[in-house]
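Participant: The structure follows.
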């Protein structure tokens with residue numbers, strides 16, 4: 001299967017509308033920049049495995065292009081959410097300890 005991506009965006013989820021089955025996002029074009037755009041997308045555009053990641057502030061990539069399979073060409077829209085590492089309480093405690101240690105070394109006048 002050959003894929004050709006025509007448009008690519010990076011998006012940030014701004015709001016989730018559970019009852020409507022949709023979410024709004026701010027998109028930034030990755031092809032050639034351009035102004036930021038606000039869009040509303042359906043949950044149906046999001047894969048089942050990405051649904052738990054769909055929350056305000058989540059980053060995703062949206063590609064629209066064409067797929068060619070066995071001589072047939074069809075338009076394709078693919079949304080993939082960015083996977084970020086999960087922080088544990090231990091991680092946060094270590095970060096706070098280091099921040100407190102650094103703060104003690106600062107001489108405030």
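The values are calculated or read from the model by the stated rules, or taken from the named source; none is laboratory data. Bear in mind the structure is a predicted one, so any value in this text is a computation, not a measurement. Cβ placement follows ideal geometry from the backbone for every residue including glycine, while neighbour counts extend to all protein chains displayed.
Participant: For residue 50, all conditions in the list (1) in a strand (DSSP E or B); (2) modelled with pLDDT of 90 or more; (3) surrounded by 14 or more Cβ atoms within 10 Å (Cβ to Cβ) hold save one; what is the number of the exception?
Facilitator: (1)
Participant: Of all residues being touching a strand residue (DSSP E or B) at 6+ places or on another chain (Cβ under 8 Å) and assigned to a loop (DSSP other than H, G, I, E, B) in the stretch 23-33, which is surrounded by the most Cβ atoms within 10 Å (Cβ to Cβ)? Just the residue, please.
Facilitator: Of all residues in the stretch 23-33, those touching a strand residue (DSSP E or B) at 6+ places or on another chain (Cβ under 8 Å) come to 23-31.
Still in the list and also assigned to a loop (DSSP other than H, G, I, E, B): 30-31.
Numbers: 30: 15, 31: 10.
Looking at residues that are touching a strand residue (DSSP E or B) at 6+ places or on another chain (Cβ under 8 Å) and assigned to a loop (DSSP other than H, G, I, E, B), I get 30.
Participant: Any residue at all in the stretch 57-64 that's within 23 Å of residue 8 (Cβ to Cβ) and in a helix (DSSP H, G or I)?
Facilitator: No, every residue in the stretch 57-64 fails to be within 23 Å of residue 8 (Cβ to Cβ) and in a helix (DSSP H, G or I).
Participant: Taking the criterion of being touching a residue at least 12 places away in the same chain (Cβ under 8 Å), part of a helix (DSSP H, G or I) and under 16 Å from residue 7 (Cβ atoms), would at least one residue in the stretch 36-47 satisfy it?
Facilitator: yes
Participant: Examine the stretch 83-95 for a residue that is surrounded by 11 or more Cβ atoms within 10 Å (Cβ to Cβ) and in a loop (DSSP other than H, G, I, E, B), and state whether such a residue exists.
Facilitator: Looking for residues that are surrounded by 11 or more Cβ atoms within 10 Å (Cβ to Cβ) and in a loop (DSSP other than H, G, I, E, B), one finds none in the stretch 83-95, hence no.
Participant: Of these, 8, 74, 98, which one is in a strand (DSSP E or B) and free of Cβ contacts under 8 Å to residues at least 12 places away in the same chain?
Facilitator: 74
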